[in-house]
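Data block below; observations after.
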Amino acid sequence: MGQPVVHFEVMGKNGQRLRSYYGELFGWEIDADNPLGYGVVKREGNVNAEGAGIGGGVGGSPPGYDGHLTFYVEVPDVEAALARAEELGGTRLMGPDRVPGTDVEIGHLLDPEGHMVGVMRTLPS
């Protein structure tokens, strides 16, 4: 069985504007009430009649970074996934790094054609 896509992310120069845009466009409830101001789109309430859908986030990028649009795949080991991506011709961009204030570890990679993909896991308690 393959590893699931579990999260999407839209990051840009004006997080508030992006949250408003995507919220209005798709009817998403976006909660940015957290220390990072990261707009969380919960899976619950954003699925189709068959229950298909994933949660995600919409937020502002750090100064000097234009942003990105990507998806995250849940993996058992972020470091191992990044190392394997490099073995297969990809490039590690960052990680593994713990998301501040959470129990989530992430990494970013570029595939051989330059598309950014995220990998993530929930850290053990």
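Within region 1-40, count every residue that is under 22 Å from Met116 (Cα atoms), outside any loop (DSSP other than H, G, I, E, B) and out of contact with any His (no Cβ under 9 Å at 6 or more places or on another chain).
Within region 1-40, residues that are under 22 Å from Met116 (Cα atoms), outside any loop (DSSP other than H, G, I, E, B) and out of contact with any His (no Cβ under 9 Å at 6 or more places or on another chain) number 10.
Can we say Glu74 is open to solvent by 50 Å² or more (accessible area, probe 1.4 Å) and either touching a residue at least 40 places away in the same chain (Cβ under 8 Å) or among the β-branched types (Val, Ile, Thr) (or both)? Write out each step before concluding.
Numbers: open to solvent by 50 Å² or more (accessible area, probe 1.4 Å): yes; either touching a residue at least 40 places away in the same chain (Cβ under 8 Å) or among the β-branched types (Val, Ile, Thr) (or both): yes.
In short, yes.
From Gly55, Gly39, grab the single residue that is open to solvent by less than 40 Å² (accessible area, probe 1.4 Å), touching a helix residue (DSSP H, G or I) at 6+ places or on another chain (Cβ under 6 Å) and within 23 Å of Thr122 (Cβ to Cβ).
Only one candidate passes the filter, namely Gly39.
Please go through region 16-31 and give me each residue that is under 18 Å from the mean Cα position of the chain (by Cα) and not aromatic (Phe, Trp, Tyr), ordered by number.
Within region 16-31, Gln16, Leu18, Arg19, Gly23, Glu29, Ile30, Asp31 qualify.
Return the only residue of Ala80, Ala49 being of a type in the set (Gly, Ala, Ser) and in a helix (DSSP H, G or I).
Selected residue: Ala80, the only one of Ala80, Ala49 that is of a type in the set (Gly, Ala, Ser) and in a helix (DSSP H, G or I).
Based on what the data block shows, is Gly118 closer than 24 Å to Ile30 by Cβ and in contact with a helix residue (DSSP H, G or I) (Cβ under 7 Å, 6 or more places away or on another chain)?
no
Out of region 107-121, which residues are without any contact (Cβ under 8 Å) to a residue 40 or more places away in the chain, open to solvent by 30 Å² or more (accessible area, probe 1.4 Å) and either part of a strand (DSSP E or B) or acidic (Asp, Glu) (or both)?
Residues satisfying the conditions are Leu110, Asp111, Glu113.
When region 23-71 is examined, which residues are found to be among the hydrophobic types (A, V, I, L, M, F, W, C) and without any contact (Cβ under 8 Å) to a residue 40 or more places away in the chain? If you could, list the steps in order and put the result at the bottom.
Residues of region 23-71 that are among the hydrophobic types (A, V, I, L, M, F, W, C), as a first pass: 25-26, 28, 30, 32, 36, 40-41, 47, 49, 52, 54, 58, 69, 71.
Across region 23-71, the qualifying residues are Leu25, Phe26, Trp28, Ile30, Ala32, Val40, Val41, Val47, Ala49, Ala52.
Given the criterion basic (Lys, Arg) and more than 23 Å from Pro124 (Cβ to Cβ), identify the matching residue among Arg17, Arg98.
Arg17
The values are calculated or read from the model by the stated rules, or taken from the named source; none is laboratory data. It should be emphasised that the depicted structure is a prediction, and the values quoted were computed from it without experimental measurement. Note that we place each Cβ from the backbone using ideal geometry, even for glycine, and neighbour counts take in every protein chain shown. Just the protein is used for accessible areas: all its heavy atoms, side chains included, with ligands, DNA and RNA removed. Shrake-Rupley method; radii C 1.70, N 1.55, O 1.52, S 1.80 Å.
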